[in-house]
Amino acid sequence: QSDAAWDVEVPGAVRLADVGGLREVKDRLEAAFLAPLRNPELRRLYGKSLRGGLLLYGPPGCGKTFVARAVAGELGAGFLSVSVNDVLDMWIGNSERNMHQVFETARRQAPCVVFLDELDALGGKRSRVQSSGMRNTVNQLLTELDGVDAAANEGVFVLAATNAPWDVDLALRRPGRFDRTLLVLPPDAPAREAVLRYHLRERPIEKVDVAKLARLTDGFSGADLAHVCESAAETALLDSARTGTVRLIGMPDLLGAVRGIVPSTEPW
Ligand code: ATP
């Protein structure tokens, strides 16, 4: 992995409004990043710094990556999504070098949102990397966050995520680092409705009762709901291909897809 290339996604079309539910998370991202960036005079007036990162935590598939990508979309910034497990390398020195390269890539392509997934991997549990190597990698990350000179980090925004916040190294949770946390919970019924609407918005549908689907999908994560829409689309596509006439996606397709999926979220 030491010569891994870290790919920055070009600014995308996803916006915070596309993220279903998560009202509080979106409000806090707005306050931490978006409002200060849109209003530089006010930022200076109030001495609001953009340094430090935000830690998103919660069960898998509920939108941590999606909301981070939406922040990049709002900022017109590139998006560099990296799993900490891909940064870690058993060879001495490589993990630190990888971590440095991630941030150098982001600085070169600023504005850029760096999204560090699986931040708990640096906590050292379940890892093949020696603890001294892990310590060095945490220190490297701290150096990158603090910025040797802060000006170099201009336009670099850092978000991290974990499913296991209790395993995140405490050094990373100190003020100025990942001191602010945002809980990303599975969607409730209104949020599920919004998520379903988003994933159906560009698909040909007919007589779909989205509110009803939302009621029937208790326990489904955002990823599960995206999968429901995908799989209903697949059914309708297959039918259309067989018959040679385009059939719109209807309730039977979606209800069939709901029945075919075991909801992935557990009590959190
Ligand atoms: P993991 O912990 O496994 O990395 P995650 O919380 O980062 O999971 P995402 O990758 O953001 O989950 O979600 C997977 C997919 O599910 C997204 O690409 C998106 O299509 C859909 N999705 C999840 N949550 C939402 C949401 N709130 N609104 C719209 N779509 C969502």
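Readers should treat all values here as calculations from the given coordinates under stated rules, not as data from a laboratory. This one's a predicted model, so the numbers in the text were calculated from it and none came from an experiment. Note: ideal-geometry Cβ built from the backbone for every residue, glycine included; neighbour counts use all protein chains shown.
Extension gain for the segment R259 to S131, taken as residue separation times 0.36 nm less the Cα-Cα distance, is 41.6 nm to one decimal.
What residues of the range 74-98 lie in the reach of a label at D7, counting those whose backbone N is under 13 Å from a point 7 Å from the Cα along Cα→Cβ? It comes to 79-82, nothing else. Each of A152, G63, G133 was scored by the projection of its Cα onto the charge dipole of the range 39-158, and the greatest displacement toward the positive side belongs to G63; charges sit on the C-beta of Lys, Arg, Asp and Glu.
Give me the count of lysine pairs in the chain whose alpha carbons sit under 25 angstrom apart, restricted to pairs 8 or more positions apart or on different chains. Could you put the intermediate results ahead of the total?
Details: K26/K48; K26/K64; K48/K64; K64/K125.
Eligible lysine pairs with Cα atoms under 25 Å apart amount to 4.
The range 220-249 and the range 19-68 have Cα centres separated by 34 Å.
What dipole magnitude, in Debye to the nearest 20, does the chain give about its Cα centre under +1 on Lys/Arg Cβ and -1 on Asp/Glu Cβ? Please report the intermediate quantities before stating the final value.
Working: 32 positive and 35 negative charges, 105 e Å.
With only Lys, Arg, Asp and Glu charged at Cβ, the dipole is about 500 debye.
Return the FRET efficiency for the residue pair K212, L237: r is the Cβ-Cβ distance, R0 is 25 Å, and the value is rounded to the nearest 0.05.
Details: r = 23 Å, r/R0 = 0.92.
Working from the Cβ atoms, E equals 0.65.
Averaging sequence separations of C-alpha pairs under 8 Å and six or more residues apart, then dividing by the length of the range 12-123, give the relative contact order as a whole percent.
Across the range 12-123, relative contact order equals 30 percent.
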